[in-house]
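For reference, the structure is listed below as structure tokens.
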Amino acid sequence: MTMEALSPETREHLEALERGFAERARCDIASDGGPDRGAHLDFDVVLAGGGLSLVYGAYLAQRGLRVAIFDKRRIGCGHREWNISRAELHPLVDSQLFTQAEVDALVQLEYDHGICRWHGGGTYPVRRVLDCVVDAERLLDGLRARAEAAGATLLDHHALAGYRVGKGGVTVTLSPARTLSARVLVDGMGAQSPHAAFDLVCPTVGGVMRGLEVDARVGEILVTTEGIEDDRQHIWEGFPGLDGRFTTYLFYYVEPQHLPARPLTSLYERFFATLPRYKRGDATLVKPTYGFIPAYSRLRPMPAARDRVLLVGDAAGRHSPLTFCGFGSMVRSFLPVADALRERLDADKLDARALASVWREPPGLAVMGGLTLMMVPGRRPSSDPNSVNQLLDAAFSSLAELGDDLYGAFVRDQIGFSDFMRFMRATAKKRPSIYDEVFAQLSKAEIARWSWKLGGLALRKWTSG
Ligand SMILES: Cc1cc2nc3c(=O)[nH]c(=O)nc-3n(C[C@H](O)[C@H](O)[C@H](O)COP(=O)(O)OP(=O)(O)OC[C@H]3O[C@@H](n4cnc5c(N)ncnc54)[C@H](O)[C@@H]3O)c2cc1C
């Protein structure tokens, strides 16, 4: 297979995404000049971006808020396929957005177990993690229909041009020209958000394939087929779908300032060229899926909170930088975050501090950063192309030995501090050089921040008994 497998429309969209990513900061944003206290406002909430964050729009509209949603594409038009762990789907029912039967119908397939495999190392199985394949189109269509039925205003094909915040609300300007006013702006614009200031990004390409030789009972969470090439460690992910289909992605970690000129297009070239290293078979591409997955190592500053602007989803970087299950993280977190936002609206507390407090970061996320930066080769000189594989092999063999609960919690971003330390100790036993290797990749400031986070969590754990 070659680039010819991508339709002209797909290539156009790839280029638009690449441009949109490069130009994401070009918005006219001001922290003054917006509506005064007591001014008439059209909406309670304006949601910028109707991708997966549409779940916020649908839920808040169903709870009686006046909601407007706009997206530069069609609202609810995904170009992804998603997998998730079964338990993570509960909030879709708890929120009353879907019935249990509707959620069951969203799950296309549930496979037996997942694996992680590092080139030159072992294969490490895990159960009850990312084992449900969700019909992304059906989910997004369902959210769009629910938002509309609950009275939300939907503006397809409108991009954010800028916004101005005032004491009484926020005025949002769109392109083509249109102005909306609201009490709060929710930014769900994902990796292209003008607020996103992530320090890591994974260009990700692939799609739904037919004709590959796969085991339909096994999801492949992280797999490598070679060492570092061109200063990058490429990683595959793949999971079975209906009728012998297999969704697969190729991605790598990079700091945004080191992205090549056409990140998605050049990665697709590699995807087609190296797919036979990963899977045998006479493959055809049924549906291309791609995008930028942003991440925060949390070892450098995150975006500061703003008055009347709440970041959600990928724009907020809520998922783990290491496993980036953004879909799982969003479905898991939207309900408490949306309910906390409703409370802030009721109390009319919409300043930066009040909005920042709608989200409490799980401890596991705070400590992944040091490990994640190991996935970004080229930050420091290294002569061994297998360094990332060897380190991850030691880490995942420890996880597998520590059992499904801990291994699963690690992959789902839910590992607690004590379990994280158990995992680090087990890995250090297998590979005593691990701390030296991790610290060699970090700057002094990053080491200080990581140690401070680990120390803070240890103290909290100790004082709470
Ligand atoms: C290829 C790929 C595969 C993935 N697979 C998985 C998976 O299997 N499991 C998992 O847990 N996670 C997965 N993820 C991550 C998951 O898709 C994201 O975490 C999730 O989609 C984030 O939702 P979001 O609403 O924040 O952003 P998005 O879903 O990216 O939506 C952002 C929306 O904002 C719109 N937008 C952008 N800029 C503007 C603008 N200026 N004006 C108006 N609208 C704008 C876009 O058109 C888009 O509709 C995958 C990601 C990718 C790229």
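Summary table below
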read-out	value
Share of pairwise Cα separations in the range 391-465, more than 16 Å, in percent	57
Rounded to 5, the percent of DSSP beta bridges in the chain classed as antiparallel	70
Theoretical gain in end-to-end length, residue 94 to residue 257 [0.36 nm per residue, Cα-Cα removed]	54.6 nm
Centroid-to-centroid separation of the range 114-147 and the range 1-27 [C-alpha atoms, Å]	24
Count, lysine Cα pairs under 21 Å in the chain, 8 or more residues apart or across chains	4
R0 of 60 Å, Cβ-Cβ distance residue 87-residue 36: FRET efficiency to nearest 0.05	0.85
Accessible surface of the range 152-280 [probe 1.4 Å, protein heavy atoms]: carbon and sulfur percent	48
Spatial separation of Cα centroids for the range 403-431 and the range 335-393, in angstrom	17
Square roots of five times the Cα gyration tensor eigenvalues for the range 307-390, Å	35, 13, 9
Separation of the residue 242 and residue 452 label points, Cα + 7 Å toward Cβ, nm	5.1
The range 388-465, accessible surface, carbon-and-sulfur percent (1.4 angstrom probe)	57
Cα extents of the range 169-237 along the three principal axes, largest first (Å)	53, 31, 21
Acute angle (nearest 10 degrees) that the helix 136-149 long axis makes with the longest principal axis of the chain, alpha-carbon atoms	10
Accessible heavy-atom area order of 157, 119, highest first, probe of 1.4 Å	157, 119
Sparse-neighbourhood loop sites, trypsin sites (Lys or Arg not before Pro) in the range 191-256 - DSSP loop, at most 16 other Cβ within 10 angstrom	217
P(r) of the range 278-328 over all Cα-Cα pairs, binned every 10 Å from zero, in whole percent	19, 36, 25, 13, 7, 1
Gyration tensor over alpha-carbon atoms, the chain, equivalent ellipsoid semi-axes in Å	35, 26, 22
Gap separating the Cα centres of the range 159-218 and the range 71-95, nearest whole Å	14
Length released on extending from residue 63 to residue 444, taking residue separation times 0.36 nm less the Cα-Cα span	132.4 nm
List 277, 63, ordered by accessible area with a 1.4 Å probe, largest first	277, 63
Mean shadow area of the range 79-137 over all directions, Cα convex hull, nm²	5.0
Full-stretch length increase - residue 173, residue 339 - with 0.36 nm per residue and alpha-carbon distance subtracted	57.1 nm
Average accessible surface area per residue within the chain, 1.4 Å rolling probe, Å²	41
Ellipticity estimate at 222 nm from DSSP helix runs (n ≥ 4, -39,500 (n - 2.57)) divided over the chain, nearest 500	-11000 deg cm²/dmol
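The values are calculated or read from the model by the stated rules, or taken from the named source; none is laboratory data. Note that the structure is predicted; figures quoted are calculated from it, not measured. Please note: Cβ atoms are built from the backbone with ideal geometry, for glycine as well, and neighbour counts cover all protein chains shown. Surface areas here come from the heavy atoms of the whole protein model, side chains and all, with no ligands, DNA or RNA. Shrake-Rupley method; radii C 1.70, N 1.55, O 1.52, S 1.80 Å.
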